[in-house]
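Notes to accompany the following structure.
The values are calculated or read from the model by the stated rules, or taken from the named source; none is laboratory data. Just so you know, these numbers come straight off a predicted model, no measurement behind them. FYI the Cβ positions are ideal-geometry reconstructions off the backbone, even for glycines, and counts take in every protein chain you see.
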Amino acid sequence: MTSTSLETILAACQVRAERDLADLYTLIRQPSISAQNIGVRECADLFVDVLREAGFDVRLMPTPAHPIVYAEWLGAPGKPTVLIYGHYDVQPPEPLDQWLSPPFEPTVRDGKLFARGAGDNKGQIFAQIAAARACLEVAGSLPINVKFLIEGEEETGSPHLPGFITAHRDLLVADLAYTSDGPVHDDAHPQVVYGVRGMLLVELRARGASHDLHSGNWGGLVPNPAWTLVHLLATMRDADGRVTIPGFYDDVFAPTPAFLAAMARIPLDQQAALKMVGRDRLPPPAGLGYFERLMTTPTLNIAGFTSGYGGPGPKTVIPSTAMVKIDMRLVPGQSTDDIFEKFRDHVARHAPDVEVLQQGGMEPSYTPVEHPLSRIVRRAVETGFGVPPVDVPLLGGSLPDAVFTQTLGLPSFLVPYANADERNHAPNENISLDRFFAGVRTAAALFAYLAESDQPRPGTTT
């Protein structure tokens, strides 16, 4: 696709803007709450219809739970192939009384589209579909090969995606993976993100007596499981926040100079960021920077602790049970299986009667910021948004990105289209209309610039 024909495609995207919004509204009006199994299959069928009408070969592929929408257009032999990932499921809309408009009725206010799924992720994945559709309608073809992989379980942790990817490696051969999900840090700066921290979820359960007991009649005679967990937790982390589980840091990666340089260039008003959450300084350890904590440092977090009585007024009991939920954020080099084994061994040494349950996880993922395709992705983002993007080496959060980088061996790039105040997972979720259309332009530009690239195809030699 020449620069002139790209201009034609971008103009066509603008002409088709109202139709694109109308189609997005149809997708949003269909609830698809995977956690509650509400409307998920119906929404998958809508995505099948819109992709098929756009000109893609589409399959609705089963998993043990919700289906995956797979679509492909492979009419550009010898050209690159991009695998575009997204999800059609959404979070539950509750609390409903905090929405200013019904959660599944798309409503535009102040230049933003409000609805559950508007930004996470129907709006962002549909931006890619709209760009591909415009190319097919105007040019009769795409300049590259495009595959869509749209799942229905991302909001419940993508439990069946790794198995699906492993089982369909041959179907998913590509040159790169591309995802648009989540908000940017700052609306003034579009982003290209190169990786995510992994996540390991565990639960600890301790038991004491067969039932709650009077703390006077039985105090000192039976163990308190809450204290059991408090003492155990104290062995896992020191006062500076360093995890003290043996071997926890053994495989932490060493950031490259390019990684560190990109991290240093990310715009940040640290005081303003902390003020948003009611803080004025970072916790210990001293000397560890804001982005170092998010990108190069694994964590162990107590997400919830439940035991005994928490209602109004006193109740003098020795609780019979205690439970703590923990999440660990892992960095490249670490693996969930290895860290869980070390965690479980640590518990066995210090509190052998405590039950340890693994409740899910995602592997960390990273594509080098110096990867040759990063230049093409950056150029596309600049075309779409009108300003150069900021390189974000790693997100602090987690996505199922490792299925692309580790299982399929692809470079993977995350380009969030949504605004910083997207409010994903919360009432009044939204996406800026300007940013949605910038996403459409970005995807169209990505197709064009990848077609011009001279990167070798998978299985070829240089």
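Answer yes if at least one residue in the range 166-179 is assigned by TED's automatic domain parsing to the domain that holds residue 395 and at positive phi, and no otherwise.
Here is the first cut: in the range 166-179, the ones assigned by TED's automatic domain parsing to the domain that holds residue 395 are 166-179.
From what is left, the residues that are at positive phi are none.
No, there is no match, as no residue in the range 166-179 is assigned by TED's automatic domain parsing to the domain that holds residue 395 and at positive phi.
For residues that are basic (Lys, Arg) and part of a loop (DSSP other than H, G, I, E, B), tally how many sit in the range 107-155. Write out each step before concluding.
Of the range 107-155, the ones basic (Lys, Arg) are 109, 112, 116, 122, 133, 147.
Then drop every residue that is not part of a loop (DSSP other than H, G, I, E, B), which leaves 116.
Final tally of qualifying residues: 1.
Answer yes or no: is there a residue in the range 13-21 that is at pLDDT 95 or above, among the β-branched types (Val, Ile, Thr), outside any helix (DSSP H, G or I) and in the same structural domain as residue 404 (by TED's automatic domain parsing). Before the answer, list the steps.
Of all residues in the range 13-21, those at pLDDT 95 or above come to 13-21.
After this cut, where a residue has to be among the β-branched types (Val, Ile, Thr) as well, the list is 15.
Then drop every residue that is not outside any helix (DSSP H, G or I), which leaves none.
No: the range 13-21 contains no residue that is at pLDDT 95 or above, among the β-branched types (Val, Ile, Thr), outside any helix (DSSP H, G or I) and in the same structural domain as residue 404 (by TED's automatic domain parsing).
Does residue 110 count as among the charged types (D, E, K, R), at positive phi and assigned by TED's automatic domain parsing to the domain that holds residue 433? Write out each step before concluding.
On the way: among the charged types (D, E, K, R): yes; at positive phi: yes; assigned by TED's automatic domain parsing to the domain that holds residue 433: yes.
Here the answer is yes, as residue 110 does meet what is asked.
For the range 181-201, indicate whether the set of residues that are aliphatic (A, V, I, L, M), in contact with a Leu (Cβ under 6 Å, 6 or more places away or on another chain) and either closer than 30 Å to residue 41 by Cα or outside any strand (DSSP E or B) (or both) is non-empty. Don't jump to the end; show me each part of the working.
Residues of the range 181-201 that are aliphatic (A, V, I, L, M), as a first pass: 184, 188, 192-193, 196, 199-201.
Checking which are in contact with a Leu (Cβ under 6 Å, 6 or more places away or on another chain) leaves us with 193, 196.
Remaining after also requiring either closer than 30 Å to residue 41 by Cα or outside any strand (DSSP E or B) (or both): 196.
Within the range 181-201, one or more residues are aliphatic (A, V, I, L, M), in contact with a Leu (Cβ under 6 Å, 6 or more places away or on another chain) and either closer than 30 Å to residue 41 by Cα or outside any strand (DSSP E or B) (or both).
Residue 382: closer than 16 Å to residue 446 by Cβ, surrounded by fewer than 20 Cβ atoms within 10 Å (Cβ to Cβ) and of a type outside the set (Lys, Arg), yes or no? Spell out the reasoning first.
Values: closer than 16 Å to residue 446 by Cβ: yes; surrounded by fewer than 20 Cβ atoms within 10 Å (Cβ to Cβ): yes; of a type outside the set (Lys, Arg): yes.
Yes: the conditions hold for residue 382.
With the requirement that a residue be at pLDDT 95 or above and not polar (S, T, N, Q), what does the range 226-239 give you? Break it down stepwise before answering.
Filtering the range 226-239 for residues at pLDDT 95 or above gives 226-238.
Hits for the range 226-239 are 226, 227, 229, 230, 231, 232, 233, 234, 236, 237, 238.
Which ones in the range 109-153 are aromatic (Phe, Trp, Tyr) and over 17 Å from residue 81 (Cα atoms)? First the steps, then the outcome.
First pass over the range 109-153, keeping only residues aromatic (Phe, Trp, Tyr): 114, 126, 148.
Passing the criteria: 114, 126.
Only residues that are surrounded by fewer than 21 Cβ atoms within 10 Å (Cβ to Cβ) and in a helix (DSSP H, G or I): list them for the range 51-69, please.
Within the range 51-69, 52, 53, 54 meet the criteria.
So for the range 230-240 (the condition being in a loop (DSSP other than H, G, I, E, B), under 28 Å from the mean Cα position of the chain (by Cα) and closer than 23 Å to residue 357 by Cα), does at least one residue qualify? Even if it seems obvious, please write down each step before you answer.
Narrowing the range 230-240 to residues in a loop (DSSP other than H, G, I, E, B): 235-236, 238-240.
Restricting the remaining residues to those that are under 28 Å from the mean Cα position of the chain (by Cα) gives 236.
Right, trim to closer than 23 Å to residue 357 by Cα and you get 236.
There is at least one residue in the range 230-240 that is in a loop (DSSP other than H, G, I, E, B), under 28 Å from the mean Cα position of the chain (by Cα) and closer than 23 Å to residue 357 by Cα.
Check residue 261 against each of (1) surrounded by fewer than 20 Cβ atoms within 10 Å (Cβ to Cβ); (2) assigned to a strand (DSSP E or B) and name the one condition it does not meet.
(2) is the only condition that residue 261 fails.
For residue 97, all conditions in the list (1) out of contact with any Pro (no Cβ under 7 Å at 6 or more places or on another chain); (2) crowded, with 17+ Cβ neighbours inside 10 Å hold save one; what is the number of the exception?
(2)
In the range 326-352, how many residues are assigned to a helix (DSSP H, G or I), over 16 Å from residue 233 (Cα atoms) and either within 19 Å of the chain's Cα centre (by Cα) or of a type in the set (Lys, Arg) (or both)?
Looking only at that region, the number is 1.
Table: residues versus (1) in contact with a strand residue (DSSP E or B) (Cβ under 6 Å, 6 or more places away or on another chain); (2) closer than 30 Å to residue 430 by Cβ.
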site: 184; (1), (2): yes, yes
site: 203; (1), (2): yes, no
site: 208; (1), (2): no, no
site: 220; (1), (2): no, no
site: 227; (1), (2): no, no
site: 245; (1), (2): no, no
site: 249; (1), (2): no, no
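Determine whether the range 23-42 contains at least one residue that is closer than 28 Å to residue 409 by Cβ, modelled with pLDDT of 95 or more and either more than 26 Å from the chain's Cα centre (by Cα) or of a type in the set (A, V, I, L, M, F, W, C) (or both).
The answer is no, given that none of the residues of the range 23-42 is closer than 28 Å to residue 409 by Cβ, modelled with pLDDT of 95 or more and either more than 26 Å from the chain's Cα centre (by Cα) or of a type in the set (A, V, I, L, M, F, W, C) (or both).
Tally the residues that are closer than 29 Å to residue 60 by Cβ and not in a loop (DSSP other than H, G, I, E, B), restricting the search to the range 82-106. Steps first, please.
Step one: list which residues in the range 82-106 are closer than 29 Å to residue 60 by Cβ, which gives 82-94, 102-106.
After this cut, where a residue has to be not in a loop (DSSP other than H, G, I, E, B) as well, the list is 82-87, 90.
The number of residues fulfilling the criteria is 7.
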